[in-house]
Amino acid sequence: MTKGKVYFVGAGPGDEGLITVKGQKAIEKADVILYDRLLNPKLLEAAAFDCELIYCGKTPYSTGISQGEINELLVSKALEGHRVVRLKGGDPAVFGRVGEEAESLKDEGIPFEVIPGVTSSIAASMYAGVPVTHRDYGRSFAMVTGHDQTKKDIDWNGLVSIDTVAFYMGVANLPSIRENLINHGKPGNTPALVIQWGTYGRQESVEGTLDDIVERVSGRSLGNPAITLVGDIISLRGKLQWFERKPLYGQRFLVARTGTAKSALAEALYELGGEVIEFPKWNAAKVKIEESQLLAFLSYDRILFTSPESVHGFLDSLTEQAIDFRRISSKLYVLSRKSKKALQQRGLTAELKSGMPDTGTRLVVGDRNRDLRDPAHGDGDYIQSIAKFVDERFLEIFPRMLDGKAVGTVLFSNRHSVDMLMQYGNKADVDVEALLKQASIGVIGESTGNRLQDYGFTSDMMPKEPSVEQLVDLIVNRNVC
């Protein structure tokens with residue numbers, strides 16, 4: 001059997017937008033992905049549906065899967081002929097053990113490639129408003145592991161001469177780090193900054209000096225993962241903060257998903273600084289429609305599409321059967337602006353269902369089995385143009401997405417999103433009802449609010465007009481006096 005190949009990919013520190021183009025392509029083409037705890041699980045959504053996802057997470061206080069076991073997995077999966085991605089938080093070559101893992105592959109004659117990533121100290125510092133170098137404040141920069149409790153192998157005399165020093169994962173050893181720096185000549189009034197969960201919406205920063213940083217961090221109960229930055233360059237933070245000044249910084253959202261298309265709501269919240277978890281994860285598969293059926297469908301007076309996926313499934317079937325779109329004489333209608341945009345991208349126009357007349361023959365094109373069609377779509381003949389289903393690999397991942405800061409706001413875009421979060425959240429062993437009791441709830445549309453009430457919950461936010469833009473405005477302005 002032909003040997004496979006292993007790609008060591010740096011996932012960046014947390015913000016999913018910091019993955020490199022080359023790293024993204026490696027994820028998309030992978031047969032197997034071994035991934036760490038300290039990366040954004042959202043990156044895994046780019047993997048193919050048949051890609052095997054293997055969690056290799058460790059915490060500072062538990063061993064989890066051993067390094068030897070990880071090495072063996074890389075070797076065995078590659079020897080089976082697979083294209084393997086070892087996905088690591090930050091950069092694989094910066095305290096990422098890429099040397100050890102690559103050596104195990106080299107010993108077996110397995111080819112590998114290393115795709116660097118954005119390392120946490122540089123990204124987290126800049127997201128906190130601090131560049132790690134500056135002509136006036138910092139011409140030298142060092143990265144040091146903060147794990148080692150003995151610190152015997154660290155050249156403290158050398159470090160105190162470095163303008164800016166970043167310690168990785170050193171919160172537990174912060175008293176020792178402070179003591180060693182001061183004892184070796186670093187002034188106690190040197191600025192210090194600890195950044196937890198850097199580049200995530202849940203990022204939290206504590207600023208002080210070497211004299212008081214331990215007490216300040218303890219008072220805020222910060223822990224790992226965190227970067228500790230020491231140096232005069234931190235004085236620039238007041239001028240250069242940008243991420244922590246975004247309107248939704250520090251807020252964590254859960255958006256209930258109902259489709260494979262990108263969520264305009266999630267993207268808007270992300271751009272405004274919020275951390276957004278989307279669940280469930282969906283995939284779609286083609287449904288075979290015969291040419292004779294398609295030609296018959298084109299004779300309807302009205303065609304209603306229930307989702308963007310149903311649009312693409314139907315039009316892809318026309319393309320496969322070499323049926324010209326111009327033969328569609330039906331008036332087209334959609335349930336959402338997202339579906340309207342999907343039709344526009346294919347050169348067709350549509351109106352919202354609210355403007356659809358009651359007269360004339362009607363075809364409903366959906367993405368569910370006929371038995372599961374939503375009665376709210378109304379009467380008319382029905383055809384399923386695509387099969388949409390939840391990606392159950394993410395049932396295991398969902399609880400880990402919720403680690404850390406609690407979700408403050410849960411958002412539903414339609415009735416179906418309520419049912420899907422309830423069903424698959426509980427299937428993922430997440431207490432969805434407890435989560436909803438502790439969070440604010442926003443909905444788009446009265447029908448969605450009514451469905452939420454069926455489960456015993458009441459929405460806190462509902463825009464007057466059912467649109468993503470108006471719901472986002474409500475979220476941004478809810479704490480504005």
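The values are calculated or read from the model by the stated rules, or taken from the named source; none is laboratory data. Here the structure is a predicted model, which means the values were calculated and not measured. Here the Cβ is made from the backbone with ideal geometry for all residues, glycine too, and neighbour counts use every protein chain on show. We work out accessible area using only protein heavy atoms, side chains counted, and drop any ligands, DNA or RNA first. Shrake-Rupley method; radii C 1.70, N 1.55, O 1.52, S 1.80 Å.
Of all residue pairs spaced 6 or more apart or on separate chains, those with beta-carbon atoms under 7 Å, a first member in the range 363-380 that is farther than 14 Å from Leu332 by Cβ and a second member that is assigned to a loop (DSSP other than H, G, I, E, B) and open to solvent by 20 Å² or more (accessible area, probe 1.4 Å) are Gly366/Thr306; Gly366/Arg373; Asp367/Thr306; His377/Thr306. Within the range 452-481, the set of residues being touching a Pro at 6+ places or on another chain (Cβ under 7 Å) and among the polar types (S, T, N, Q) comprises Gln470 only.
Can Val206 be described as at pLDDT 95 or above and part of a helix (DSSP H, G or I)? Spelling it out, it is not the case that Val206 is at pLDDT 95 or above and part of a helix (DSSP H, G or I). Report yes if some residue within the range 406-420 is of a type in the set (Gly, Ala, Ser), crowded, with 20+ Cβ neighbours inside 10 Å and in a strand (DSSP E or B); otherwise report no. No, the range 406-420 has no match at all. Of all the numbered requirements in (1) part of a helix (DSSP H, G or I); (2) touching an Asp or Glu at 6+ places or on another chain (Cβ under 7 Å); (3) free of Cβ contacts under 8 Å to residues at least 24 places away in the same chain; (4) over 30 Å from Asp429 (Cβ atoms), Gly188 misses one, and that requirement is (1). Identification of strands (runs of 3 or more DSSP E) wholly contained in the range 257-354 with 3 or more residues that are of a type outside the set (A, V, I, L, M) yields 275-279, 282-286. Take Arg220 and decide whether it is touching a strand residue (DSSP E or B) at 6+ places or on another chain (Cβ under 7 Å) and either of a type in the set (D, E, K, R) or open to solvent by 40 Å² or more (accessible area, probe 1.4 Å) (or both). Yes; evaluated as a whole, the condition is true for this residue. Considering only the range 248-260, I want to know if a residue exists there that is of a type in the set (Ser, Thr, Tyr) and buried (at least 22 other Cβ atoms within 10 Å of the Cβ). Yes, that holds for at least one residue. Residues that are touching a Lys or Arg at 6+ places or on another chain (Cβ under 9 Å), open to solvent by 40 Å² or more (accessible area, probe 1.4 Å) and under 14 Å from Pro175 (Cβ atoms) within the range 196-217 comprise just one, Asp211.
Matching residues to (1) of a type in the set (Gly, Ala, Ser); (2) open to solvent by 30 Å² or more (accessible area, probe 1.4 Å):
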residue	(1), (2)
Tyr7	no, no
Ala30	yes, no
Asp36	no, yes
Leu39	no, no
Glu52	no, yes
Ile70	no, no
Val75	no, no
Lys88	no, no
Ala93	yes, yes
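Of the residues contained in the range 376-396, one or more are found to be over 25 Å from the mean Cα position of the chain (by Cα), at negative phi and part of a loop (DSSP other than H, G, I, E, B). Among the residues of the range 223-244, the one identified as hydroxyl-bearing (Ser, Thr, Tyr) and surrounded by fewer than 24 Cβ atoms within 10 Å (Cβ to Cβ) is Ser235. Please verify whether the range 77-89 includes one or more residues that are within 22 Å of Ile195 (Cβ to Cβ) and under 29 Å from the mean Cα position of the chain (by Cα). Yes: the range 77-89 contains one or more residues that are within 22 Å of Ile195 (Cβ to Cβ) and under 29 Å from the mean Cα position of the chain (by Cα). Contact annotation: residue pairs with Cβ atoms under 6 Å, 6 or more positions apart or on different chains, pairing a residue in the range 200-225 that is over 23 Å from Val276 (Cβ atoms) and in contact (Cβ under 8 Å) with a residue 40 or more places away in the chain with a partner that is open to solvent by 30 Å² or more (accessible area, probe 1.4 Å) and not in a loop (DSSP other than H, G, I, E, B), are Val214/Pro175; Val214/Arg178. Here the condition is being small (Gly, Ala, Ser), open to solvent by 40 Å² or more (accessible area, probe 1.4 Å), touching a helix residue (DSSP H, G or I) at 6+ places or on another chain (Cβ under 9 Å) and touching a residue at least 12 places away in the same chain (Cβ under 8 Å); of Ala350, Ala264, it holds for Ala264 alone. Might you check whether a residue that is under 14 Å from Tyr127 (Cα atoms), touching a residue at least 40 places away in the same chain (Cβ under 8 Å) and in a helix (DSSP H, G or I) occurs anywhere in the range 241-254? Yes, there is a match, as at least one residue in the range 241-254 is under 14 Å from Tyr127 (Cα atoms), touching a residue at least 40 places away in the same chain (Cβ under 8 Å) and in a helix (DSSP H, G or I). When each of Gly425, Gly360 is tested for being of a type outside the set (A, V, I, L, M) and either free of Cβ contacts under 8 Å to residues at least 40 places away in the same chain or in a loop (DSSP other than H, G, I, E, B) (or both), the lone residue that passes is Gly360. Of all residues in the range 386-402, those that are within 15 Å of Ala47 (Cβ to Cβ) and open to solvent by less than 20 Å² (accessible area, probe 1.4 Å) have Cβ atoms under 6 Å from Cβ atoms of residues that are at pLDDT below 95 and of a type outside the set (Ser, Thr, Tyr), 6 or more apart or on another chain, in Asp391/Asn283; Ile397/Pro41.
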